[in-house]
Every structure is written in structure tokens, then in C-alpha cells.
1. For residue B:28, work out the one condition from (1) buried (at least 19 other Cβ atoms within 10 Å of the Cβ); (2) part of a loop (DSSP other than H, G, I, E, B); (3) of a type in the set (Ser, Thr, Tyr) it doesn't fulfil.
2. In the range B:523-562, what residues are within 15 Å of residue B:615 (Cβ to Cβ), open to solvent by 10 Å² or more (accessible area, probe 1.4 Å) and aliphatic (A, V, I, L, M)?
3. Which condition number does residue A:138 fail, the rest of (1) open to solvent by less than 20 Å² (accessible area, probe 1.4 Å); (2) near the ligand (Cβ under 10 Å from one of its atoms) being met?
4. Checking residue A:175 against (1) open to solvent by less than 50 Å² (accessible area, probe 1.4 Å); (2) of a type in the set (Val, Ile, Thr); (3) more than 16 Å from the ligand (Cβ to nearest atom), which single condition isn't satisfied?
5. Return yes when residue A:111 is part of a strand (DSSP E or B) and touching an Asp or Glu at 6+ places or on another chain (Cβ under 9 Å) and no when it is not.
6. Given the options A:91, A:67, A:98, A:74, name the one that is in contact with a Gly (Cβ under 8 Å, 6 or more places away or on another chain) and either over 15 Å from residue A:169 (Cα atoms) or more than 7 Å from the ligand (Cβ to nearest atom) (or both).
7. Scan the range A:30-60 for residues that are at positive phi, surrounded by fewer than 17 Cβ atoms within 10 Å (Cβ to Cβ) and more than 14 Å from chain B (Cβ to nearest Cβ) and jot them down.
8. Grab the helices (runs of 4 or more DSSP H) fully contained in the range B:372-454, keeping just those with 2 or more residues being more than 31 Å from the chain's Cα centre (by Cα).
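The values are calculated or read from the model by the stated rules, or taken from the named source; none is laboratory data. All values reported here derive from a predicted model rather than from experimental measurement. Ideal geometry is used to build each Cβ from the backbone, glycine not excepted, and the neighbour counts take in all protein chains shown. Surface accessibility is based on the protein's heavy atoms, side chains included, excluding ligands, DNA and RNA. Shrake-Rupley method; radii C 1.70, N 1.55, O 1.52, S 1.80 Å.
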Amino acid sequence: MKPCAFQLYTPSTLEDALEALWELTEEGRSVKVLAGGQSLIPVLNMRLATPDVLIDLNELDSDLNFISPDTNHIKIGALTRHYQLETSPLISKNVPIITEAERLIGHVAIRSRGTLGGSLAHADPSAELPLVASLLNARMTLQSKHATRTIPAAEFFLAYLMTSMEPTEILTEITIPTLPGRSGQSIQEFALRHGDFAIAVAGAQVTMDEDGCISDARLTLGGVGGTPLDMSASLAPLVGSRPLPEDIERLMKEICQDLEPDGDIHADSAYRKDLAITLSTRALVDGLQKVKDS
Amino acid sequence: MNYVGQDVRRVNDGRLLRGHGQYIADIYRPGMAYVAFVRSPHPHARVKAVDVKQAEKVLGVLGIYSVDSDLFPPLPLLFPYSTLDAITQTPFGREVHHVGEPVAMVVADSRYHAEDGVAAVQVEYELLPSVAEMTRAMQKGAPRVHSQHPSNQAAIIMQDVGDAMEAMNQSPVVVTCDIKMGRVSCAPIETRGLLAEWNEAGNEPELHVYAATQTPHMMQRIYAELFQINERQIRVQAPDVGGAFGAKEPFYVEDFLIAWVAREMGRPVVWIEDRLEHLLTSVHEREQLHHAKMGLTHDGRILSVTDEFLANTGAYVPWGVIVPIITSTLIPGPYKVPNYSCKGTVVYTNTTPLAPYRGAGRPQAAMVINRLLDRAAAVLDLDSALIRERNLIQPSEFPYATGLMSREGTPMVLDSGDYPALLKMLKEAGEYARWQEAKGGESTSARAIGVGIAIGIENTGMGPHEGATVTVGTDGHITVITGAASQGQGHETTLAQIAADAFAAPMDWVHVIEGDSQKIAYGTGTFASRTAVVAGSAVKLASDQLRGKMIDLAAYLLKSGQPLEMAEGTIRVVGDPTRCISFGNLALAASGQFPGSSYTLPTAPGMSATTYFTPAGATYAAGGHMVVVAVDRVTGKVEILSYTAVHDAGTLINPKIVTGQIQGGISGGIGTALLEEIRFDDEGQLLTGSFMDYLLPTTRDVPDMTIQHLSTPSPLNPLGAKGVGESGAIPSPSAIVAAVEDALKVDMVQINNIPIQPMMVRNSILKSVATDREAPTHG
Ligand SMILES: Cc1cc2nc3c(=O)[nH]c(=O)nc-3n(C[C@H](O)[C@H](O)[C@H](O)COP(=O)(O)OP(=O)(O)OC[C@H]3O[C@@H](n4cnc5c(N)ncnc54)[C@H](O)[C@@H]3O)c2cc1C
């Protein structure tokens, strides 16, 4: 469990990093950027990836580590660590689901190194932050030496551990909408042990109108497909109503019908589907409760 | 003040917690080379050719050795048994019998380069049919695990007391229990590791091995046999060892190959097992499938127990078939079973070998008897504590002859205990009555609560022997050397407590040295919960002997016929502390005055005594566990709400260390019951090759526990101690299964498999045939 030999390059500015990434990729070398290393290093140690060069982003805090408010949005630098998100009052006030999600990610040591950008770029379909990014349709800013583009989460996650990033691009910034008024967010997950990647996970955001009817509802599922699955379109029957938990459960059974999750030794396909129904029901009910409580 | 019985702080912790431990991977020898193994990716194959040409060119590679290098004999059989058809592993054998068997080794200037070399070695295999599952391996026409061996049956183990069949037929009430226990890994934090170095400069070659081992003297003896040299030429040293739990007990092919290649290359060679190698090649345990029956009277008294089981031993028998033998002798446990029969069939499969892991066959035994009692309690509508009370061996019945033969081949006699008192304490400490009431109403809701109890016993402190050399130095300090070897249990503290008491000396005057075959001639090792009893008794006997000698010499030197006492590192006349001599001066006197002088003292030279303790038989520790769980009937997840254990380890040397051992054992038991399982596919490919898939309990999965002690001293050793290292792991899985079944009573779910996976629980609830209940909703 030792990695193959690689070269390590530690640029001190984002420009240098982008330049190096561009040049090396052009030369045909296989390059990986290194953020918190909590996913990449195990992959290297098991020799599942054998890059020629690692570009270490860890000296780029001044460019890539920030949490800054904007109108109706928060902008977060890709190198922001899990623990910073977990403990930020700005985040817990404006995007409380991130605070909740962070508590479910790994353990303290992992959260003090792992980053938002790394988590999104790694694109594990069971991971919490990709789920939240999909739920809220966060926008990803991707930079290369020659161009910058911003795409919505829906266009970012393509398949299992696969995103639409080009080999020459670095994810630099994530823009996340803040919690609208009269809204509640919830993330519900099932993992075999605390801190494990989820077997299944559901994120929800519900907004009520002044009469207490649902005006908007969003739902994303993780662990039951190759990417986080945005189920929001199927929630139309809830809009304009004041559903009881039983009503929500009935709808969840319906919309989870067609899921075809892959199974493994710990959770087969049917069990994951069953969990998806439970967790999505719990997430929507909890989201509604939070609006009522506030 | 006596130290024995006190919560003395562990003397090693400061050093270990600050990262100053010296484990194998911390040891450096000049010129040292590093090994990585090429391991078979196939569960059963013949190695046709090994091509090392590319690998030899890899940067840093110093040498490559493989099945082509030499012909080695199979490893010696450590535990013969009458019906055992033994197959032990052959280093670099031509036929591989499980995934992970070494077929070549690459030696390089770093582990990194060695792994580069491994990747470049090409091996051609001829694939052979394989079988991983033991039931299948026993079927007609199953693939042969060893192609030269017509049968996959390794051994048959039979036990008979009374006439169990007849008594079963006569029993008014009969219940059954079928249960499969999953295979687990020992998973110490420090994996295996070995550093070997030969010195060929002297008159005869000398081998020095640093090994993360539980059994340094056994390794020394096996090296002597394999290299055809004398024990004096071999030094095996266990430095700090980071846990073992059984994994570091057998002698492995790597242990031979590393020492062999160090000689071939004429340089020190080190190998540190990585986690994948550990999960693939270090011994596993637990995997057994039981079909058991119990016959009882209408008032719940046991008349007969029968059990038939299969035990997987993997591809070899590295520790004989001790595990299933122990299971077969301990099923009756603390209960009176007048008629008993058991037939265990031990099966070879193309998987990693099995050998003792903490508990060694006893958790399986405790599972069988305790589950049978719970089934009977349900049928008879008896409280599960009450049915146990009715069947426990009574304190007046000790020594209790079970009618069985123990694993040593002698009649199995339980030495001492008070099981009714243990159960009573357990019910009180665990608030049994309160929980029975509290769980009530919730059972049909999404969160169901259940209570389980189990009692298990453990044969501990087994032979053949352990020795101790106790020496007083000229500074007055006391050195204790034993053949046991610590893997973190705290011997440096507990054995020092025993010696300090004997000499009435302060703790920090006593220094315990272990795990070095050069320091004491013989040793057995640390396993089977034996060190406190066997090494502890040896320390006591040697200390007492030395104490006598010191008193004799002091009386001579002080010219005193009056009674003497030891205090503060001196020997003094009782009532006249000014007439005294220090330990240091005694030692100095006993070493002789100066070179050339005459030795005139009445005691033999030196201030040292060596004594071996040979226990007459096992002493039986006991543990009762009570656990309360909440089961989420919607997700199937089990949460432990309360855990209580009452334990009888006889005389406690250090209660805090005993509590820690039990806590650790229970943590393992929680893993066995709820999380941990090594899985193979049907052919024998490992499916759980990392801690992502092999789920160890973390601190979040292990609850706070209430642990209490009951003490019935053993009559079999001078301390009155009983072993404790494994006991926490023994009744725990059974108690947890009982609690889960109790929680799911309304669903009539029976747990027939551990670990209890949430998926399995949920599926059983969904498939349940129980009518009188509310199916859980998803909310
Ligand atoms: C024991 C353990 C438990 C864990 N549990 C969880 C869990 O429950 N939930 C969870 O979500 N995660 C979990 N993780 C993973 C953790 O969250 C990681 O932090 C995360 O997956 C990757 O972030 P990183 O910063 O460490 O990225 P790295 O490991 O450094 O990189 C991961 C991948 O992303 C790429 N990358 C990184 N940053 C960028 C960037 N800015 N632009 C482009 N590409 C980039 C890398 O090239 C690499 O391919 C766990 C990890 C461990 C070790």
C-alpha cells in the first residue's frame, strides 16, 4: 500500500497552478490536483491511480479558502475545509443544511483536512456535499489557464466519480443560494457506523406560503444512483397542500419505485430503495417541522 | 499497603501515548532491506512459472525469491489432535490454497520500490477449482481444497456425557437453535511485522529476530527446527507490540521466509504487513454453523443438549483445531447439563486459515447454550433470568466435574465460582426489572426495545508453564523477567505489583522485562488469558523464594536472630529499624567482595531466583452480560442503550486493568455481533479488503458500560487469580442477539446469523409472518 513514484509540485499562486496544470496536460502527462488528500491519497496508496504529477493546492489558501456572503448567495472557496464549514456561523445561519451535513462526514481528523472542492470533484454519489450542491443547485466555477466558466450542479455531476471538469480545469469557487424565508432544510442519512459514507441519504428543502401550504419543495437522494438524484420535479403533488407524514410517505413510495440502486454486501438494491423511501419521508417531514418551528 | 488489588496506573502509558513506543516499524538496522510479497490472486491454483526479468530491472530492487528459489518443508504442526488430518502451509509451495498466499518476495531498498517490483513480477497460474463456503465444501463432488487430498474434512470432534439422544427423546419440552457465526479478523492496530538479521561472524551463525509476536520462545524453537540450529543461536525479541488478539500467536510462512531471505542476502531484512495483507493472511476466527437442541422439564430444567456444528478452518490448521475443541467443551458452560452430545466437523476451504481470536471458540459456545435457554424461556413463558437461575451450577458444587474431557485431554473440572451471585449482581447492576418494565409499550412502534442476558465461562490460565526470574540489583531495584510477552495488556504494571508486594518495595523499584528469548530460557507466551495466572504465579513464587534468601543473608550480615522485616527497600530488625541493610547492599554482598576474594556467605552467590509455575489445570472465569438495545424497525439499525457486565476473575491484581480488558473484550463482542465480518465470494475472493468494508466498531459504536466484579479466588494458583483477557468477548454476542430478538418479539423475528446486519433485520421484519402486529411505516 505504497503509491507509485510521482512528482509533487506545490505552486504558491492559483495562476501558477493553472499554468502548470495546462502545460503538463498538454505534454500528455497524467496530472492530479491534491486538496485535503482524504480521498486521493488512499486511491494512490492502493495504486488505483498512478498519476505522474500531483499539483498540491494546499498553499493556495489566500486564493481558494474563503466563505463570503453575497446577495441571496454565499460564495465558498474550493479549498475551504470541512471543519470550517461545520463551525461557520455564517453557514449555519444561511445554509443550515451544510452544518448538518458536515456533522455526518467522516471524523474530526478527516474534516480538518478534507475540502469542499475535493468532495465535489471526487463526486462520490453517497457523499453529503455533492448531495447538498445538487439539492440547492449550487453553481461551480471552473478555471483553466485560458478560461473560466460557471455551471450548475446538475451539469457538473455526470456519473459515478465523474464530473464534467476538463483535465486542465480546477474547481475554484462554489456559489450556494441562501435559505429562503419560511423555509426548512433537512438531511437524513443512514450509515452503518457514524462517520461512514452513507448507504443512502436524502436532502430536502421546503418553503411554505403565508397560509402554511407548501409553495416549493426540493429533494435529492444519494447512494441510490451514480450521481445525486434530483427528485424535486416529482414533488409537484405536494405544492399547494399541507401534507401529513402519511401523505408524504405515500408519495415517496411512488417516486422511489423506479430507482435501481446497485447493491453491495452491506446493502442490496431493495434495501437501499426501502431506505430511500424512509429517509426522503423523514427529510421532508423534518424540513416542514423546521418551518413550523421557526 | 499492598499493591495487588489497587488501581495502580499503567507504567507504560506515558511513553506509549507520547509516541515513544518502539514497534517493529520503529527499529532500524544499518543496511536493512524491505520486503513486499507477490501474493496469489487466486483461491486455488498451481504456480506454473514466475517471470522476474522485468522486476529485477526495477529501481531499488535488490533480489527476488519465489517458488523457484528452493524447496521448503511445510510448517510444523503446533497442536496435534487424534482425528486431525493436518495440513500446514508450505513456504513457497507450488500449489496455492487461498488468495494471498505468497508466491514470490521482492527485496528492495524501500517498501515503495519493493511494491514497484511486485507489480512487475509475472506469474503464470493454472487455475484449480475452489470452494470457500464450508457447507458446500462438505458436499459430495465439492472441489478439493487441496488437490492431493481427497477429503475436505480436517477433523471430527465428539463429546458425550450421559445419553443425550435418549434424554432428548424423553424430554417433555424440546427447543432448537440454528445459528451461523460470521468470520472475523483479529485486527490489531499494529499489523504483523518482522525484522531478521544473521550474524555469521562468530563461531556459529546467529539469528536475531524482532517480531510482533505473542510467542517469542515458540518462534525460537520453530526456527531451531527449520534452520537446524540450536536455540542458543537464536534470539527472538518482541519489542512493543500494538495489540494482537490472536493474530500474532501462530507461526506463519512469512516468519520463516523473512528469516530465510535475511540469510540468503546477508543483510537485515524487514517486512511490515499492510492492512490488506492483514485482512487476507493473518488468521481469522469465529466462523461456525450450529444446529442445537435442548430438552427440558416443564419447569425449565435442562435434561439434554445436543449440537452438531461445522467449523471452517480455512486452507490450513495453524493452531490445530483448538477453537472447535474449545467450543465443544464449553457449550454447557455455567449450566448443569446432565446429558450432552456434540459433534463438530472441521472443514478445509480455500480461504484464509482460522485460529484463535480473543475468545477462541467460547463466544460460539456461549451463543449456543444461551440462545437455547432463551428459546426455551419463550416456549415455557419463563423469564429469561429465571430459567438461567434454575440451571446454574451452585457454589456448593465446586469443584464441578463436567464429565467432559478438556482441551488438554484431562477430565474437565470447574474449579470455583458463584454463578447465582453473579446473575443476581448482574440483574441489580443492569436494572433488569426496570428495563423489563420500561421496554413494554414501545415494541410495536418504529423503535423497539429489547433486553438480553447471557452468561459464559472461560477456561483460563493454562499451561504448560511460565517462568519468572527475579533479581535484585546493586541499586536495590528489582528486575522481573518472564517468558510472557505483552501486547498492551499492562503486564509491566500488574506483574510489578505482585513483586512489589512480595518485597514490600515501592512500585517504581520493580522493572518488568518480557518478550525476549535471550533473557529467560523458556517461555510459553501471552494468549488464552493466561499471563496473570501463570506468569503472575511464577513471579510470586520466584519473589517469595528470593525474599527468603534475602532474609537469610540479612540475618547473617546483621548478626541477628530476631525476626526481620522488609520495608522501603531494606531489611530491618522488627522493632529496631536502625539495624538494617539495604537491598542494594545485600545484592552487592551476594555478588562477592572483589575479584580474587573468597566467598564466605551462607547463601549461594547472587540475588536472583528463577521459578516456573505449572498450573494443575485451567481455572474458570465467568461473566454475565446484560444489554438493552433499541431496534429501528424501519431501517433495521440496532443501537445499544445500556450495557452491563459482571465478571469473576478471582483475585483482581489491578481492578482498573481488569475493567479495561473487559471493556475491550465487549467492544470486540459488539463488533462480532453487529458489524464485523470477513466475506468471501463463492470461489474464495476476499470481499472485505479494507476498513471501508470490514466494519470495526468505533468509539461511537461502543457505549459506556457498567462493569462490576465478583471475586471467587481460584484454589489452583497462589494468587487466586483467573484470566480475564478474553472474557468480555465471550457472552457479549449472545447477549446482544438475545436483546435484538427480544425487541423484535412482535415481529417473531429469529436471528440465525451474526453479525446482525440492518438489512437482514429489515428484511426479516418485512417478511415476518407475524399477524398480530403493526407493520412499521417508513416515517
Ligand atoms: C475514513 C474516511 C471517512 C470519510 N467519510 C466521508 C463521509 O462520510 N462523507 C463524505 O462526503 N466524505 C467522506 N470522506 C471523504 C472526505 O470528505 C474527503 O474530504 C473528500 O472526499 C475529498 O476531499 P479532499 O479535499 O480530501 O480531496 P482530495 O482527496 O485531495 O481529492 C479528491 C479528488 O478531487 C480532486 N480535487 C480536489 N480538489 C480539487 C479542485 N479544487 N479542483 C479539481 N479537482 C479537485 C483530486 O484531484 C482528487 O481526484 C471520508 C474520508 C475518509 C478517509
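1. (1)
2. Those that are within 15 Å of residue B:615 (Cβ to Cβ), open to solvent by 10 Å² or more (accessible area, probe 1.4 Å) and aliphatic (A, V, I, L, M): B:528, B:532, B:541.
3. The failed condition is (2).
4. So the condition that residue A:175 fails would be (3).
5. Details: part of a strand (DSSP E or B): no; touching an Asp or Glu at 6+ places or on another chain (Cβ under 9 Å): yes.
No.
6. Details: A:91 fails: in contact with a Gly (Cβ under 8 Å, 6 or more places away or on another chain); A:98 fails: in contact with a Gly (Cβ under 8 Å, 6 or more places away or on another chain); A:74 fails: in contact with a Gly (Cβ under 8 Å, 6 or more places away or on another chain).
Checking each option against the conditions leaves just A:67.
7. Taking the range A:30-60 first, the residues at positive phi are A:37, A:47.
With the extra rule that they be surrounded by fewer than 17 Cβ atoms within 10 Å (Cβ to Cβ), the set shrinks to A:47.
Listed by number, the list is empty, since nothing qualifies.
8. Values: elements: B:384-389, B:419-429, B:432-439.
Where helices (runs of 4 or more DSSP H) fall fully within the range B:372-454 and carry at least 2 residues being more than 31 Å from the chain's Cα centre (by Cα), they are B:432-439.
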